[in-house]
Amino acid sequence: MIQLVNIGFGNMLSAGRILAVLHPDSQPVKRLAQEAKAAGTIIDATHGRRTRAVLVLDSGHTVLSYLQPETVANRLKADAAALAAEDEDESSI
């Protein structure tokens, strides 16, 4: 089963494909986003708002989100905990 995480405005990503959740203020992360834009592998999910998190996927795509990196990380943790609880419930049947 694919576990999806909400990255804002109803946009969802597969949780298993996220390699990193980065803060966009450092120069290397800005460069990463610029290179992804030039390569055509950037996905802008900010809906015109300020970029607050840069997500790197295992497919080589870079996703921009208006959510704070901590918020995205907390949503990933919550989804992982819910999935673990669901797996535990299924195994007890």
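The set of residues from segment 46-93 being at pLDDT below 90 and not charged (D, E, K, R) comprises 78, 80, 81, 82, 83, 84, 85, 91, 92, 93.
Yes or no, residue by residue, for (1) part of a helix (DSSP H, G or I); (2) hydrophobic (A, V, I, L, M, F, W, C); (3) exposed (fewer than 15 other Cβ atoms within 10 Å of the Cβ); (4) in contact (Cβ under 8 Å) with a residue 40 or more places away in the chain:
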{"residue": "32", "(1), (2), (3), (4)": "yes, yes, no, no"}
{"residue": "51", "(1), (2), (3), (4)": "no, no, no, no"}
{"residue": "76", "(1), (2), (3), (4)": "yes, yes, no, yes"}
{"residue": "83", "(1), (2), (3), (4)": "yes, yes, yes, yes"}
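When segment 53-74 is filtered for residues that are in a loop (DSSP other than H, G, I, E, B), free of Cβ contacts under 8 Å to residues at least 60 places away in the same chain and not aromatic (Phe, Trp, Tyr), the ones remaining, listed by number, are 58, 59, 60, 61, 68. Going through (1) in a strand (DSSP E or B); (2) closer than 24 Å to residue 83 by Cα; (3) open to solvent by 50 Å² or more (accessible area, probe 1.4 Å) one by one, residue 20 falls short only on (3). Would you mention how many residues in segment 5-17 are in contact (Cβ under 8 Å) with a residue 12 or more places away in the chain and either open to solvent by 90 Å² or more (accessible area, probe 1.4 Å) or more than 11 Å from residue 53 (Cβ to Cβ) (or both)? Residues meeting the conditions: 9.
Yes or no: segment 27-45 includes at least one residue that is under 21 Å from residue 81 (Cβ atoms) and either among the aromatic types (Phe, Trp, Tyr) or at pLDDT 95 or above (or both).
no
The values are calculated or read from the model by the stated rules, or taken from the named source; none is laboratory data. As the structure is a prediction and not an experimental result, all values here were calculated from the model. For neighbour counting, all protein chains shown are included, and Cβ atoms are generated from backbone atoms with ideal geometry for every residue, glycine included. For accessibility, only protein heavy atoms count, side chains too; no ligands or nucleic acids. Shrake-Rupley method; radii C 1.70, N 1.55, O 1.52, S 1.80 Å.
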